[in-house]
1. Counting only residues that are touching a residue at least 12 places away in the same chain (Cβ under 8 Å) and of a type in the set (A, V, I, L, M), which one in the range 409-427 is nearest to Leu227 (Cα to Cα)?
2. Starting from residues that are part of a helix (DSSP H, G or I) and of a type in the set (D, E, K, R), keep the ones in the range 378-408 and report whichever is nearest to Leu317 (Cα to Cα).
3. Of all residues in the range 260-279, which are under 21 Å from Ser158 (Cβ atoms) and either open to solvent by 10 Å² or more (accessible area, probe 1.4 Å) or out of contact with any helix residue (DSSP H, G or I) (no Cβ under 6 Å at 6 or more places or on another chain) (or both)?
4. If Gly333 satisfies every condition in (1) free of Cβ contacts under 8 Å to residues at least 60 places away in the same chain; (2) among the small types (Gly, Ala, Ser); (3) farther than 22 Å from Phe130 by Cα but one, which is the exception?
5. Testing Lys449 on (1) over 28 Å from Ala165 (Cβ atoms); (2) of a type in the set (Lys, Arg); (3) in contact (Cβ under 8 Å) with a residue 12 or more places away in the chain, one condition comes back false. Which one is that?
6. Just to be sure I understand the filter: pairs with C-beta atoms under 9 Å, separated by 6 or more residues or on different chains, first member in the range 304-324 and of a type in the set (Gly, Ala, Ser), second member part of a helix (DSSP H, G or I) and open to solvent by 70 Å² or more (accessible area, probe 1.4 Å). Which pairs pass?
7. Taking the options Ile75, Ile87, Ile98, name whichever one is at pLDDT below 85 and of a type outside the set (Lys, Arg).
Amino acid sequence: MLFNSLTFAVFLLAAFVLYHIVPVRFRWVFLLAASYAFYMNLHAAYGLLLFGATILTYFLALSLEKAPRQAKKRICLLGGVVPLVVILLVFKLGAPVIGRINSFIDAGRLSMQPLTVKILLPAGVSFYFFQSMGYLIDVYKGKIKAERHFGYYALFVSFFPQLLAGPIGRADVLLPQLKKERRFEYNNVTYGLKLMAWGYFKKLVIADVFAATVNKVYDNAYSYVGLVFIIVTVMFAIEIYCDFSGYSDIAIGCAKLFGIELAVNFKSPYLSFSIKEFWSRWHISLSTWFRDYVYIPLGGNRVPKWRRCLNLLLTFLVSGFWHGSSLTYILWGAIHGILQIIETLLYPKIRRGVPVTRRKHWWQLPVTFTMLCFTWIFFRANTIQDAFWIISRLFWDIGRPVNYLKTAVICLDMPYLSMLGMLLSAAVLFLYDMVSLKQDVIELVSRQKGPVRWSVYVLLLVVIALFSQKGIATEFIYFQF
């Protein structure tokens, strides 16, 4: 069930109404049933995988907490983490491995039938597996107590607004909220609806519209050269940001309808002055998960500088591999790791034991954004060969500026009004992110006089209705991870 589908709209309305009708003490039961119905609407078998991960980590956490010796605690921890990691590897590597085996069979003209096993990555599996593993590791470290109530724990793993693509919840923050008796709060509901509307604007009006041009060029890379690659790469940077942060806004706003606060997942990431700052603003729940459960266990910052640099590289390689086994994702992660290593070496946190406040300069914003766009080429390219072709043709014919620009306009093949609409929507996004650095934009609009704020609300809804793709419920990009 996609957030941007009519089915979800009907589901959410029914769930919201029934949730506030059901007696308070039974609301967790209703939310749990609704979450499984939401997930199994995609595929009935998905519910078995979700329930299996829940059962496994629930009982292992209890056993881990009761274990008298550290060795037994480690066995319980590995008993939960290893199976989940192996299952993830099977889903992520299964299809590529089978594809390579079939290519080998064809190339060698072997007397064998090609393998026809289909391995599809279940939607959201990476996110709720990570959430379950994080819970188990926190119990192992003694940060939290193992949850005794199976129903509450099952809801923690499966809560439908965050199930498919996060934000990844932490047990010490989310579980207490799920247990608390919550009643209807008008301000929570209205804020949630406004945040959802903004999320839909980013997804439907920006991400999906930009995607049409990005896909046309990147899926036929060898048919283009020059400036068009720079333009569509910037467009992809905006597309993936609006697609993913749009999902997060919808998820957070949706959770607010039920009185639940999910973690903020994006904080104006493209207004970062460094790659490190970018990762403190981009997909925060996932980047902090890798920090807490990969980088810090490797030694984090508590080791010599060369080890710290190695830890950064390994963490980002894992992050790249998490996105997919293709060399494009691995190289994307490696480049981010290398860039962070360079920043670590150039800008140490302390000098002679005294903390140093790094001064920020305006030019760091475009430089950082340019580096980010360069890495997005590898993320979006279909193959590593496509990525290097695009990079090698970025400045093709730049010696003739007029022709360089004219070729790009012809290749884009877009009406000028469409270009203007894209520029305006990107400008609105930039303005929103700029203002949100200092204050909550939704709260700011809500404090305005009635005619002003209602004009903004109506305009936003009209723009979504008029300029979104009609009749098409496109998947969110991060569902494939």
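The values are calculated or read from the model by the stated rules, or taken from the named source; none is laboratory data. This structure is a prediction, so every number in the text was calculated from the model and none was measured. As a convention, Cβ positions derive from the backbone with ideal geometry for all residues, glycine included, and neighbour counts pool all protein chains shown. Surface accessibility is based on the protein's heavy atoms, side chains included, excluding ligands, DNA and RNA. Shrake-Rupley method; radii C 1.70, N 1.55, O 1.52, S 1.80 Å.
1. Result: Leu412.
2. Arg380
3. Glu261, Leu262, Ala263
4. That leaves (3) as the condition not met.
5. (3)
6. Once the first residue is of a type in the set (Gly, Ala, Ser) and sits in the range 304-324, its partners that are part of a helix (DSSP H, G or I) and open to solvent by 70 Å² or more (accessible area, probe 1.4 Å) give Gly324/Gln480.
7. One residue alone meets the criteria, Ile98.
Matching residues to (1) open to solvent by less than 50 Å² (accessible area, probe 1.4 Å); (2) without any contact (Cβ under 8 Å) to a residue 24 or more places away in the chain; (3) assigned to a helix (DSSP H, G or I):
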{"position": "Ala9", "(1), (2), (3)": "no, yes, yes"}
{"position": "Leu12", "(1), (2), (3)": "yes, no, yes"}
{"position": "Leu18", "(1), (2), (3)": "no, yes, yes"}
{"position": "Trp28", "(1), (2), (3)": "no, no, yes"}
{"position": "Tyr36", "(1), (2), (3)": "yes, no, yes"}
{"position": "Tyr39", "(1), (2), (3)": "yes, no, yes"}
{"position": "His43", "(1), (2), (3)": "no, no, no"}
{"position": "Leu50", "(1), (2), (3)": "yes, no, yes"}
